[in-house]
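The values are calculated or read from the model by the stated rules, or taken from the named source; none is laboratory data. Bear in mind that the values here come from a model prediction, so they are computed numbers and not experimental data. For neighbour counting, all protein chains shown are included, and Cβ atoms are generated from backbone atoms with ideal geometry for every residue, glycine included. To get the accessible areas, we keep the full protein, side chains included, count just its heavy atoms, and leave off ligands, DNA and RNA. Shrake-Rupley method; radii C 1.70, N 1.55, O 1.52, S 1.80 Å.
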Amino acid sequence: MFYQAYEWNHAAIQPYRAVADATRLFYSNPLNPLSHTAFGRSAAAMAEMFERTTRRYGKPDFGLTSTVVDWKPVSVSEDIVWKRPFCNLIRFKRDLPAGRKPDPKLLIVAPMSGHYATLLRGTVEAMLPHAEVHITDWVDARMVPLSKGHFDLDDYIDYVIEMLHALGPDTHVMAVCQPSVPVLAAAAVMEARGDQFAPSTMTLMGGPIDTRINPTAVNQLAEEKDLAWFRDNAIMQVPWPNPGFAREVYPGFLQLSGFMSMNLDRHIIAHKDFFLHLVKNDGDSADKHRDFYDEYLAVMDLTAEFYLQTVDTVFIRHALPKGEMTHRGEPVDPAAIRSIALMTVEGENDDISGVGQTKAAQTLCTNIPDDMRVHYMQPAVGHYGVFNGSRFRAEIVPRIVDFITSYGRENRDALGRHLPAKKPAAKSTGRTRA
């Protein structure tokens, strides 16, 4: 009943939110003389604080309409090029001159960990000048009717494989945080099958490949609890009238509560500063706060089966680094990866995926040649700095671009790096249940 209580509470305070919004508009209207006083700005600030802290934040837009390619501005549009019940694959189509040499195809696999794929807006924006970018746009589980089936970690891996097939050969894949495990698993499965659509390169960023290394608070919680505890305390049913009514999920608001509690003092200070910025009429600083929290507070539900299987496989049993992970009964062996170049990226101050957890992929993938692997640790950044921010753009992006350019099929052939012959891809077995 906890999810239902959350919904009822949100509905019950709707009238108060409407009053608060009206109060904000009244005291911030420039035609109102009080809006130019400290009292008026304080009243508007208090009303906005109440409205924002009780609001349900919807899915943000990417809002990327242009980029710069070859030092010239070009327009950008979004196309859905592949679709399943729990995911849409978005292509950011750039309006490039006809006949221009194509850029590398890049599949960015966004985390399915409570936030929407728009959390990687900065990642996409930074890569657009250099690649034909696609991103996984995961669907909020509470919006998917029960009739559409289930979605678990095996389905996630199937989705990644299907998307690589849809994009064709010589695609590069980038996994940010949580998807590092399923992307590495998908690559291992494809290589073991001799799949011709296995990616040319794989970039894993801030991911929990082996959470036994430098465990963080998130990892320690999973170590202390068994799977039954997570099932009993984290899984709830979607309430009516949502489309996913009665689906068992791990609610996004519960995930958000966990994230915020890890750095509660920072969030309290940020909101206090936001209030002071409003009172001082510091519009730029207030806008930065709104932009960040509009994104950070927008959360989605995860299916119970995906959440529980991930917790069990990645955080409790450590199945991948122990060599015990399977995909629909098929062993997941990173040593099968031979022709996919590997890059791992970590942040020095990452408090979600500890230093060394992502680099563990380099140890597991024993058969990738030494000249086809790169590891980079970015100094002075935390988890989000691995895929966003000024240091990401200035220091990490150039390394990724150089990496995927160097190990694209055309450059490999030019350098004489002959890859093992691959068997034609097998037709879909229809094992994806969703």
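Local charge sum around residue 56 (other residues, Cβ-Cβ under 13 Å, Lys/Arg +1, Asp/Glu -1)? Let's see the in-between values first.
Values: positive: 17, 52, 55, 59, 142; negative: 7, 51, 140, 294, 301.
Around residue 56, the charge tally is 0.
For the stretch 29-35, what does the Karplus curve 6.51 cos²θ - 1.76 cosθ + 1.60, with θ = phi - 60°, yield as ³J(HN,Hα) per residue in whole Hz, taken in order and with x for Gly and Pro?
With coefficients 6.51, -1.76 and 1.60, one gets 5, x, 6, 8, x, 5, 5 Hz.
When the helix-only estimate is applied to the chain (DSSP H runs of n ≥ 4, each -39,500 (n - 2.57), divided by the residue count), what is the mean residue ellipticity at 222 nm, nearest 500 deg cm²/dmol?
Working: 15 runs with 164 residues, N = 434.
After summing the helix terms and dividing by residue count, I get -11500 deg cm²/dmol.
Run the 1.4 Å probe and let me know the accessible area of residue 322, rounded to the nearest 10 Å².
100 Å²
Mind listing the phi-derived Karplus ³J(HN,Hα) values for the stretch 261-278, rounded to whole Hz, using 6.51, -1.76 and 1.60 with θ = phi - 60°, and x for any glycine or proline?
5, 5, 9, 4, 4, 5, 5, 5, 5, 4, 6, 5, 5, 4, 4, 5, 4, 5
Counting only C-alpha contacts under 8 Å and six or more residues apart, can you give the relative contact order of the stretch 207-287 as a whole percent? Display every interim value, and only then the final one.
Details: 34 pairs, mean separation 10.6, N = 81.
Across the stretch 207-287, relative contact order equals 13 percent.
Among the chymotrypsin sites (Phe, Trp or Tyr not before Pro) within the stretch 182-255, which fall in a DSSP loop and have no more than 15 other Cβ atoms within 10 Å of their own Cβ? Don't skip to the answer; put the middle values down first.
Details: sites: 197, 229, 230, 245, 253; in loops: 197, 245.
Counting only loop positions with at most 15 other Cβ atoms within 10 Å, the chymotrypsin sites (Phe, Trp or Tyr not before Pro) in the stretch 182-255 are 245.
Tell me which residues come under 5 Å, amide H to amide H, from residue 57 once H is placed; ignore anything under 5 positions away on its chain.
The answer is 299.
How much area per residue is accessible in the stretch 120-251 when the probe is 1.4 Å and only protein heavy atoms are counted (Å²)? Intermediate results must be reported in sequence, preceding the final value.
On the way: 4170 Å² over 132 residues.
On a per-residue basis, the stretch 120-251 sits at 32 Å².
Which pairs break 24 Å Cα to Cα here: 59/359; 59/83; 225/272; 83/322; 83/288; 101/359? Show your work: numbers first, answer last.
Values: 59/359 32 Å; 59/83 18 Å; 225/272 35 Å; 83/322 34 Å; 83/288 33 Å; 101/359 34 Å.
The answer is 59/359; 225/272; 83/322; 83/288; 101/359.
Quick check: with the 1.4 Å probe, what order do 384, 159 take by accessible area, largest first? Don't skip to the end; give the middle numbers.
Details: 384 85, 159 0 Å².
Descending order: 384, 159.
Give me the percent of accessible area attributable to carbon and sulfur for the stretch 117-168, probe 1.4 angstrom.
Values: 700 of 1320 Å².
Carbon and sulfur atoms account for 53 percent of the accessible area of the stretch 117-168.
Taking the Cα centre of the stretch 231-355 as origin and charging only Cβ (+1 Lys, Arg; -1 Asp, Glu), how large is the dipole, in debye to the nearest 20? Intermediate results must be reported in sequence, preceding the final value.
Working: 11 positive and 20 negative charges, 52 e Å.
It works out to roughly 260 debye.
Given the Cα atoms of the chain, and with Rh set as the inverse mean 1/r over their pairs in the Kirkwood sense, what is Rg to Rh to two decimals? Present the calculation step by step, with values, prior to reporting the outcome.
On the way: Rg = 23.0 Å, Rh = 23.2 Å.
Reported Rg/Rh, Kirkwood definition of Rh: 0.99.
For the stretch 325-399, what % of the accessible area comes from carbon and sulfur atoms, probe 1.4 Å? Please list the in-between numbers first.
Working: 1520 of 2960 Å².
Roughly 51 percent of what the probe reaches on the stretch 325-399 is carbon or sulfur.
Roll a 1.4 Å probe over the protein chains and send me the accessible area per residue for the stretch 288-387 in Å². Could you put the intermediate results ahead of the total?
Working: 3620 Å² over 100 residues.
Value returned for the stretch 288-387: 36 Å² of accessible area per residue.
Most fluctuating residue of 357, 220, 14 in a GNM of the chain with Cα springs under 10 Å: which is it?
14
How large is the dipole of the chain about the Cα centre if only Lys and Arg carry +1 and Asp and Glu carry -1, each at its Cβ, rounded to the nearest 20 debye?
Values: 46 positive and 52 negative charges, 137 e Å.
Its charge dipole is roughly 660 debye.
Quick one: compute the contact order of the chain, relative version, from alpha carbon pairs under 8 angstrom and 6+ residues apart, as a percent.
Values: 767 pairs, mean separation 84.7, N = 434.
Reported as a whole number, the value is 20 percent.
Give me the extension gain from residue 19 to residue 193: residue separation times 0.36 nm, minus the current Cα-Cα distance, reported in nm with one decimal.
Values: separation 174, 0.36 × 174 = 62.64 nm, distance 6.07 nm.
Full-extension gain reported as 56.6 nm.
Of 261, 202, 251, which is farthest along the charge dipole of the stretch 189-341 in the positive direction, counting Lys and Arg as +1 and Asp and Glu as -1 at C-beta?
The one lying farthest along the dipole's positive direction is 202.
May I ask you to list the trypsin sites (Lys or Arg not before Pro) in the stretch 96-138 that are in a DSSP loop and have at most 14 other Cβ atoms within 10 Å of their Cβ? Don't skip to the end; give the middle numbers.
Working: sites: 100, 105, 121; in loops: 100.
Those that pass, being in a loop and sparsely packed, are 100.
Name the chymotrypsin sites (Phe, Trp or Tyr not before Pro) in the stretch 1-79 that are in a loop by DSSP and that have at most 11 other C-beta atoms within 10 Å, would you? All intermediate terms of the calculation are to be shown ahead of the outcome.
Working: sites: 2, 3, 6, 8, 16, 26, 27, 39, 50, 57, 62, 71; in loops: 57, 62, 71.
Answer in residue order: 71.
Which value, in Å² rounded to 10, gives the accessible area of residue 78 with a 1.4 Å probe and all protein chains present?
Surface open to solvent at residue 78 totals about 80 Å².
In debye, nearest 20, what is the charge dipole magnitude of the stretch 164-313 about its Cα centre with +1 on Lys and Arg Cβ and -1 on Asp and Glu Cβ, if you could check?
Numbers: 10 positive and 20 negative charges, 29 e Å.
The dipole of the stretch 164-313 has a size of about 140 debye.
Which one of 364, 292, 277 is farthest out on the positive end of the charge dipole of the stretch 265-364, using unit charges on Cβ (Lys, Arg +1; Asp, Glu -1) and the Cα centre as origin?
My answer, from the dipole projection, is 364.
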